[in-house]
Amino acid sequence: MSDLKVEPSLRMGMVLAALRTPSFLIGLALTLVFLSAALLSFVWTPYDVTDLEIANKLKTPSATHWFGTDAFGRDIFSMVMIGARTSIAVALIAVGIGIVIGVPLGLLAAARHGALIDEVVMRANDLVFAFPALLMAIMITAVFGPSAVNAIIAIGIFNIPVFARLSRGAALSLWQRDYVLAARVSGKGRTLISAEHILPNITNLLIVQGTIQFSLGILAEAGLAYVGLGTQPPLPSWGRMLSEAQTMIYIAPHLAIFPGLAIVFTVLGLNLMGDGLRDIFDPKLRRAR
Amino acid sequence: MLPYTIKRLVSLTISLMAASLVIFFVIEVVPGDPASFMLGLNASPETVAALRDSLGLNAPAPVRYWQWITGLVQGEFGISYTYKVPVSELIADRFWVSMPLAIYALVLSTAIAFPVGVIAAAKRNSPTDVSIMGVTQLGVAVPNFWFAMLLVLLFAISLRWFSAGGFPGWEAGFLACMKALTLPAIALALPQASILARVMRSSLLDTLGEDFVRTARAKGLTRRQALWRHALRNALIPVLTIIGLQFSFLLAGAIIIENVFFLPGLGRLVFQSITQRDLIVVKSVIFLLVFAVILVTFIVDVTYAIVDPRLRRART
Amino acid sequence: MALLEIEKLNLSIKGTPILRDVGLGVDSGEVLGVVGESGSGKSMTAMAIMQLLPVGTEWSGAIRLGGKALETFGEKDMCALRGNDIGMVFQEPMTALNPVQTIGDQVAETILVHSGKSRREARRIAREALNRVGLPEDRFPLSRYPHDLSGGQRQRVVIAMAIALRPKLLIADEPTTALDVTTQAQILKLLKKLVDEDGMGLILITHDLAVVADMADHIAIMKDGEVVEAGDTLTLFRKMSHPYTKSLFEASSHVPSRSPVHVPGRGKPVIEVSGVVRDYPLPRRSLFAAPGHFRAVDHVSLAIRRGENVGLVGESGCGKSTLTRAILALDPVQSGEIRLNGGVFSTHGHGPDRDMRRRVQVVFQDPYSSFNPRHRVDRLITEPFFLLDEQPDPPERRRRINEALVNVGLQPSDSQKYIHEFSGGQRQRIAIARALIIEPSLIVLDEAVSALDVSIRAQILDLLADLSDRLAISYLFISHDLSVVRAITDRVLVMKSGKVVEEGLTEDVFRNPRHPYTQELLAATPVLDEALKAREARAAANGSGASS
């Protein structure tokens, strides 16, 4: 909440600060690698993952198949590329749901602090927090059957209270600022003040939290796909690749390595980028730590 | 202290009611007719009608909700549609695998994270701190079920120190069970410990910058004394929040990890029930897990009041 | 030999010089006042004595306490010294105590870390220390927690911690800045008493010349990390050989010149507040009892005429902020009525319309939180245009922005800058411009100069006086600082516990306060001239001009 002092004309300075923040640069590089792999997979992968070549199954990594092949002879490198697409899409949409629903709720609760609507929003938040994304996914799947959409909804719902709480807390502290009082003296209403004075001053915070929720979403998607509640065949996903690898862990341990590393590096990249952004947005905090 | 606890108890009850309503709505109202859903498309109308009858689905939704709730209070969860036995029996054994696993992992995670976080904060910006921060950054990024698979590869397949999975049952003795739960608990605990250690460190660093720590130093306390006697207890308040949240993640994680280690816990039960469309079991397991999460939130809230005297006066 | 001697103290933090050749000395039983504006290095000097310096600090020079050279002391030796030989009291009592520990434990800790005494003996000494600072056992048992003590009481606990072991030197860094005047007077009296009883040396760091004129035997004036003038209090004030001392002195007792047209009682009132009541619900004590109410403003009436400056004074919690919020129509009134230029502005259940609303504008206390950091000055100061039914066309808008900026002593070119490019005093000018731009009848100045250093404060007061003369604007000037109110207002109201207890022409009220509370307030307020006169009288009685 302490990054609220960022000022626009410091933007140039922020770019310079970004170039001097190693964690941000490493994180950005990792994220870009996986993002481009995901985008590239739409037009090109080394092999077609719908081609099953049983004769070529369970090959260890080599010059022809960089990450080896799976039980059906599919190229693991290509599958990891397409898996990146699934993971990133699910996590990104889920963050979008969290922001689009959570932030307005949080701003509304803060603007009506102490009123009934505030209480209702906060209690609803507490309630959703009692359902971890996995339980939500189990409920949805039990009724609608498993699919990637369920994973998006479950993770998205879980993101809503995260953003609602964050924006409410930050907005509440901004409502105490004298410039908000000055705007009220100028006759501006709560909605206009929220849009003009509150939201622009909490965007940095939302960007940082968005990065973190993005990375949590990747982990959650992998977990759901692993237990069969997320992405369904034939679409490759990192979590499903791992659950298939597990059945063959004695004979082909390499199957488990690459999808796992892909998850670790994507999440690591996003977290490093989030930490870096926090430092860049809040030079004060950076000096203190 | 007492008024505060009562207030938290009231809020616990309200949360439970709301949660049960949500579960009931999603599982029993959203699918339309649960009986035809459970039997699938090919069921004859007579079978569906018979199931509706045996499940009491002909009653209106509010009545069914009330019956479910009153049953829950008495420990009656209903009869499983696929297993044809009371759900409470199905759950009981499995509960005593999942819950000890989650608690074991919580204890491990806290026991690792506390000292690590404190050391990192006390030696901030030293090589020790930098390496701790690097390792925890990596730890946060590792999915627990993949970490579990790596542990199996290393300790069960290569080193053969542990068995790759399975659970002997509590009648086989406490130690045997704990051994069976150790790898799963480590797999669950280490990623969570990384998060907790980072929170511990940053909370402690924030507190070390507070005025009252400066006051303590002005009294003649050393840096270390000021940290232990004044900063630590104040730093615990945000850490407690995270521990409370972690429990729900650990419980959810436990359900996933059971798959890696073939543990006969609630996770296996619920996934089987989903494939068999046994909504009664799914509903009960979810309620039980949500109940555990809400209960832990309550315990955390009461612990706040022990740590922070300001909360003991009823208001929040 | 002096108790504390500092010689040629140079200090820098990460390469930035903070202190240059600072030299100071204090004797036992003597009070040294260190005076300076923000950034003068006075607090850093104190932290150098305590050796509680931020990471990356380098210093050179000599600090000797009772003959011991602190520059040769390691961290372990300093720990033995802090709290035992030197005690310290800080500015912000609300955060200076550990919220999760009892006051008894916190005071006893000083004794426990320095002596081998038993816990029981430590608690006995702690009890004694708390008694000495005016926190008797029946109301303040050792088992109390800081959160149910007031700011003044907490400051007493901090003092008890600092003096529990009867140190040779006590450093008090702005110990009363965060407190009300009556509490300030009590704390200062307590410090003086402790110095006399224990024969301690006291370093009193403050921005307030009137406080040191009353308390200190010697004074050091600091500016930009240097001691510009130092000496015996009376001699220093008589000579004032350094120009900065002189300007500080003048700014402290500055009275802006105002044209004499302000004859109160003439003309129609701009604003009339009559019988306004504002209640706040108290938190429910039990589920069954209805929640109680706290009456923050209790049937308050006041009227301000055109061009008139009215002061509203009172201590924290007296209801002046609540009244301000009601007058600004930020909160509704529960009963009573506010009239503006003869029409109803607000009453129970009704707020002002847009045209009424733009007649009342405001300047807040904190220049750093008064502006959205993302907007440029032109957008910031035109925010009240929202209240106009028709937005001015661009050239007209341009003209009014320039006029408002020039009126407050800034340049038209400043309109394209962001707020962080301005100093605190300049920001306060921009806040005034924002209030002026819509041509209001009344400007509410809510502690508008309280956060500023004295020299800046004097400039802003001049500006306000000039504007009210030229534009015939009325001010409602809300402040806890009586000397400022006296300098700028025609009439004054004194508030206590939600009620106006006294009202009258400013000079009359200050010369002949009738209500006992006003008398108490005035007696507690340090006044530079009076403190110096009293000191001179004492010196004359002792038969020597510059004693000590």
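The values are calculated or read from the model by the stated rules, or taken from the named source; none is laboratory data. All figures in this text were calculated on a predicted structure; none of them were measured in a lab. Note: ideal-geometry Cβ built from the backbone for every residue, glycine included; neighbour counts use all protein chains shown. When the accessible area is computed, the model is the full protein with side chains, heavy atoms only, and any ligands, DNA or RNA have been set aside. Shrake-Rupley method; radii C 1.70, N 1.55, O 1.52, S 1.80 Å.
Structure above, values below:
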| item | result |
| --- | --- |
| Neighbours by Cβ (under 8 Å, 6+ apart or cross-chain): first from region C:50-77, more than 14 Å from chain B (Cβ to nearest Cβ) and assigned to a helix (DSSP H, G or I); second open to solvent by less than 30 Å² (accessible area, probe 1.4 Å) and small (G, A, S) | C:E71/C:A62 |
| Condition met for C:H147 (within 14 Å of chain B (Cβ to nearest Cβ), under 30 Å from C:V34 (Cα atoms) and surrounded by fewer than 24 Cβ atoms within 10 Å (Cβ to Cβ)) | no |
| Region B:258-316: number of residues that are in a helix (DSSP H, G or I) and within 13 Å of chain A (Cβ to nearest Cβ) | 36 |
| Qualifying residue in region A:188-201 (condition: charged (D, E, K, R), open to solvent by less than 10 Å² (accessible area, probe 1.4 Å) and in contact (Cβ under 8 Å) with a residue 12 or more places away in the chain) | no |
| Criterion: farther than 29 Å from C:E439 by Cα and either part of a loop (DSSP other than H, G, I, E, B) or touching a Pro at 6+ places or on another chain (Cβ under 8 Å) (or both) - qualifying residue of C:E520, C:E502, C:E536 | C:E502 |
| Answer from A:L261, A:L255 - the residue that is outside any loop (DSSP other than H, G, I, E, B) and surrounded by fewer than 18 Cβ atoms within 10 Å (Cβ to Cβ) | A:L261 |
| Region C:86-97: number of residues that are surrounded by 19 or more Cβ atoms within 10 Å (Cβ to Cβ) and either more than 7 Å from chain B (Cβ to nearest Cβ) or more than 26 Å from C:T206 (Cβ to Cβ) (or both) | 5 |
| Subset of region A:218-236 (residues that are more than 11 Å from every other protein chain (Cβ to nearest Cβ) and within 22 Å of B:F249 (Cα to Cα)) | A:G230, A:T231 |
| Long-range neighbours under 9 Å by Cβ, at least six apart or interchain, first residue under 23 Å from B:I23 (Cβ atoms) within region B:46-63, second among the β-branched types (V, I, T) | B:S54/B:I79; B:L55/B:I79; B:L55/B:I280; B:G56/B:V63; B:A61/B:V29 |
| Condition check for A:V162: at pLDDT below 95, under 21 Å from the mean Cα position of the chain (by Cα) and assigned to a helix (DSSP H, G or I) | yes |
| Subset of region B:181-217 that is of a type in the set (S, T, Y) and more than 7 Å from every other protein chain (Cβ to nearest Cβ) - its residue that is farthest from B:V142 (Cα to Cα) | B:T207 |
| Any hit, region A:176-185, residues being on the phi < 0 side of the Ramachandran plot, buried (at least 18 other Cβ atoms within 10 Å of the Cβ) and more than 11 Å from chain C (Cβ to nearest Cβ) | no |
| Among the candidates A:F72, A:F67, A:F42, residue that is open to solvent by less than 80 Å² (accessible area, probe 1.4 Å), of a type in the set (F, W, Y), modelled with pLDDT of 75 or more and out of contact with any Asp or Glu (no Cβ under 7 Å at 6 or more places or on another chain) | A:F67 |
| Residue that is most open to solvent (accessible area, probe 1.4 Å) [pool: residues in region B:203-217 that are in contact (Cβ under 8 Å) with a residue 24 or more places away in the chain and part of a helix (DSSP H, G or I)] | B:D206 |
| Selection count, region A:214-242, where residues are open to solvent by less than 10 Å² (accessible area, probe 1.4 Å) and assigned to a helix (DSSP H, G or I) | 11 |
| Condition met for A:A142 (among the hydrophobic types (A, V, I, L, M, F, W, C), assigned to a helix (DSSP H, G or I) and within 14 Å of chain B (Cβ to nearest Cβ)) | yes |
| Counted residues, region B:218-240 - those being within 7 Å of chain C (Cβ to nearest Cβ), surrounded by 23 or more Cβ atoms within 10 Å (Cβ to Cβ) and part of a helix (DSSP H, G or I) | 2 |
| Residue in region B:39-46 that is modelled with pLDDT under 80, within 14 Å of chain A (Cβ to nearest Cβ) and open to solvent by less than 60 Å² (accessible area, probe 1.4 Å) present | yes |
| Per-region count, region C:335-344, residues open to solvent by 50 Å² or more (accessible area, probe 1.4 Å), part of a strand (DSSP E or B) and touching a residue at least 24 places away in the same chain (Cβ under 8 Å) | 2 |
| Subset of region A:246-263 [facing chain B (nearest Cβ under 8 Å) and more than 12 Å from A:V80 (Cβ to Cβ)] | A:Q246, A:I249, A:Y250, A:P253, A:A256 |
| Within region C:177-207, considering residues that are basic (K, R) and without any contact (Cβ under 8 Å) to a residue 60 or more places away in the chain, the one most open to solvent (accessible area, probe 1.4 Å) | C:K189 |
| Flag for C:I187 being β-branched (V, I, T), under 27 Å from the mean Cα position of the chain (by Cα) and within 14 Å of chain B (Cβ to nearest Cβ) | no |
| Criterion: assigned to a helix (DSSP H, G or I) and modelled with pLDDT under 90 - qualifying residue of B:L188, B:L181 | B:L181 |
| Qualifying positions in region C:464-486 - open to solvent by 10 Å² or more (accessible area, probe 1.4 Å) and of a type in the set (G, A, S) | C:A472, C:S483 |
| Residue in region C:345-357 that is surrounded by the most Cβ atoms within 10 Å (Cβ to Cβ), counting only those that are in contact with a Gly (Cβ under 8 Å, 6 or more places away or on another chain) and either outside any strand (DSSP E or B) or at the interface with chain A (Cβ under 7 Å from one of its Cβ atoms) (or both) | C:R357 |
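Here is a yes/no grid of residues against (1) over 27 Å from the mean Cα position of the chain (by Cα); (2) assigned to a loop (DSSP other than H, G, I, E, B):
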| position | (1), (2) |
| --- | --- |
| A:V49 | no, yes |
| A:A55 | yes, no |
| A:P61 | yes, yes |
| A:T64 | yes, yes |
| A:R85 | no, no |
| A:I88 | no, no |
